[in-house]
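Down below is the structure, laid out as structure tokens.
The values are calculated or read from the model by the stated rules, or taken from the named source; none is laboratory data. Small disclaimer: the values here were computed from a predicted structure and weren't measured. Ideal geometry is used to build each Cβ from the backbone, glycine not excepted, and the neighbour counts take in all protein chains shown. We work out accessible area using only protein heavy atoms, side chains counted, and drop any ligands, DNA or RNA first. Shrake-Rupley method; radii C 1.70, N 1.55, O 1.52, S 1.80 Å.
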Amino acid sequence: MAQKKKEILLNAFNMNCVGHINHGLWTHPRDHSLEYNTLEHWTGIARTLERGLFDGLFIADIVGVYDVYQHNVDVTLRESIQLPVNDPLMLVSAMAAATRHLGFGVTVNLTYEQPYLLARRFSTLDHLTRGRIGWNIVTGYLDSAARAMGLAEQIAHDERYERADEYLEVLYKLWEGSWEDAAVRRDKAARVFADPARVHKVRHDGRYHQVEGYHLAEPSPQRTPVLFQAGSSGRGQRFAARHAECVFISPPSKEAARQTVQALREQLVQAGRRPDDVKVFVGAAVVPGASAKEAQEKYADYRDYASREAGLAHFSASTGIDYARYGLDEPIDYGKTNAIESATRTAEQQGWTRRKLLDLFELGGRYPAIVGDAAQVADELQSWIDETGADGFNLSRTVVPESYEDFVDLVVPELQDRGVYKTAYAEGSLRRKLFDAGDRLPARHAAAQFRHRAGEA
Ligand SMILES: Cc1cc2nc3c(=O)[nH]c(=O)nc-3n(C[C@H](O)[C@H](O)[C@H](O)COP(=O)(O)O)c2cc1C
């Protein structure tokens, strides 16, 4: 019997702001990103994605502003480079009410949040979405954020991950260990909501966090939300190997992606997990057309509205390097960075100068554009999966919502015809859909050791 083909996973990549990754496209006449302040904008997107059987909507977030380029926020404000940016979690309830299956991967920076409160926010959303919530764990990379929160500068790169490891331990205790499954009785006749013997006080007295208390929420479908992560540095990968279930990468080439995916899968095994315990999503910008010619024309039209300079200002913040200080062809001193280490190292290895970056940012951002008719796009997507060992894509928005509608109407049927994309949703939680297993984290995940075991104090 022929082996079943690997199904491609799809997330839409978005953010609760005007300009996300492909900068400048909000000025396109057909773009609706200026409506990001309305619920209708988001529920409309969610419905379109669900029509296309997308696995999830991944919502980025940033705390702090992009003030590295030219040492100010002028370009950031003029081009609306992720500023203003609204709270991403607030969008989820409305979108969940408008859909039944779509998952939501929401970014929250843990550096500036108390674990006790964050645990409750995610449990609440796991209840309200019936197990469709995921958390993209980030630790931040901006000094502007640190200063806004009362620190002189941000915590050093590797220490951010040390803190995050401990933070996750606190969350696992709350989500997995505080309430036993049998704790909740809801028994009106007996006047017992919960059995006090089965609800446990969590104690954590660590290097960075001290918590003593009961988790405020009762057990939700997934308990721990599906854990997303995007760090690609050595330390970032170790963190992912221990905690993550989905990892986002934005590699400069298929070969770079293949190496990253392979290294991650090896680290998973070292961490006592299985190589396919993590789904890897590659960042891409897709511009599909009804014909190859139409796609190229659309791409040319989009490019007219893109802002390469805004892309450069964004990348300055990602790497911590002010490209405005350099001539167009001057070599860049990449040196040590406290921002996104993997982005900086990629830029250094590729020898990216200001001119090369401006050339690269055709759509205002650094994701490779895949342009073509349905067959061409599907060929390219499949080759990424086959050659890199990744599992799916994180599709950055271009012109909204038309880029989603085009993808759903043109590319999804082609992928389905090829047998590499689902034709219906599976039932159940986001974790169950992604891994075809249970709603809860498997016993081999680090969280499992914090589950309450009967008989233990
Ligand atoms: C695809 C992708 C998406 C990311 N999204 C966010 C985000 O929304 N907010 C954020 O603060 N950092 C984001 N980051 C940054 C990462 O969370 C992380 O801080 C960064 O990759 C630094 O990790 P590293 O130095 O280990 O590579 C993203 C990174 C990638 C590759």
**Message:** I'd like the full set of residues that are β-branched (Val, Ile, Thr) and open to solvent by less than 10 Å² (accessible area, probe 1.4 Å), limited to the range 381-390.
**Reply:** Thr388
**Item:** Ser383, sole failed condition from (1) assigned to a helix (DSSP H, G or I); (2) modelled with pLDDT of 95 or more; (3) under 22 Å from the mean Cα position of the chain (by Cα)
**Value:** (3)
**Filter result (on the phi < 0 side of the Ramachandran plot and surrounded by fewer than 18 Cβ atoms within 10 Å (Cβ to Cβ)) within the range 145-154** = Arg147, Ala148, Met149, Leu151, Ala152, Glu153
**Message:** On the basis of being within 16 Å of the ligand (Cβ to nearest atom), assigned to a helix (DSSP H, G or I), closer than 20 Å to Arg235 by Cβ and at pLDDT below 95, does Thr337 make the cut?
**Reply:** no
**Item:** Unique residue being among the aliphatic types (A, V, I, L, M) and within 18 Å of the chain's Cα centre (by Cα) when the list is Leu10, Leu77, Leu39
**Value:** Leu10
**Item:** Residue that is nearest to the ligand (Cβ to nearest atom) [pool: residues in the range 155-182 that are open to solvent by 30 Å² or more (accessible area, probe 1.4 Å) and within 12 Å of Gly236 (Cα to Cα)]
**Value:** Asp158
**In the range 267-295, residue farthest from the ligand (Cβ to nearest atom) [restricted to those that are closer than 20 Å to Trp384 by Cβ and more than 19 Å from the chain's Cα centre (by Cα)]** = Ala292
**Asked** Which of the residues spanning the range 83-130 are in contact with a Pro (Cβ under 8 Å, 6 or more places away or on another chain) and either under 22 Å from Thr48 (Cβ atoms) or of a type in the set (Asp, Glu) (or both)?
**Response** Val106, Thr107, Leu125, Asp126, Arg130
**Prompt:** In the range 318-334, what residues are surrounded by 20 or more Cβ atoms within 10 Å (Cβ to Cβ) and either among the charged types (D, E, K, R) or within 16 Å of the ligand (Cβ to nearest atom) (or both)?
**Reply:** Ser318, Thr319, Gly320, Ile321
**Pairs, first open to solvent by 10 Å² or more (accessible area, probe 1.4 Å) in the range 129-141, second more than 16 Å from the ligand (Cβ to nearest atom) and of a type in the set (Ser, Thr, Tyr), C-beta under 7 Å, six or more apart** = Arg132/Ser429
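One line per residue, one yes/no per condition, for (1) closer than 20 Å to Gly134 by Cα; (2) surrounded by fewer than 17 Cβ atoms within 10 Å (Cβ to Cβ); (3) aliphatic (A, V, I, L, M):
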| site | (1), (2), (3) |
| --- | --- |
| Asp379 | no, yes, no |
| Gly392 | yes, no, no |
| Val400 | no, no, yes |
| Leu410 | no, no, yes |
| Gly419 | no, yes, no |
| Ala424 | no, yes, yes |
| Arg432 | yes, no, no |
| Ala437 | yes, yes, yes |
**Message:** Can you tell me how many residues within the range 212-236 are assigned to a strand (DSSP E or B) and either basic (Lys, Arg) or surrounded by fewer than 20 Cβ atoms within 10 Å (Cβ to Cβ) (or both)?
**Reply:** 2
**Request:** Answer yes or no as to whether Asp205 is of a type in the set (Asp, Glu), modelled with pLDDT of 95 or more, away from the ligand (no atom under 14 Å from the Cβ) and open to solvent by less than 40 Å² (accessible area, probe 1.4 Å).
**Result:** no
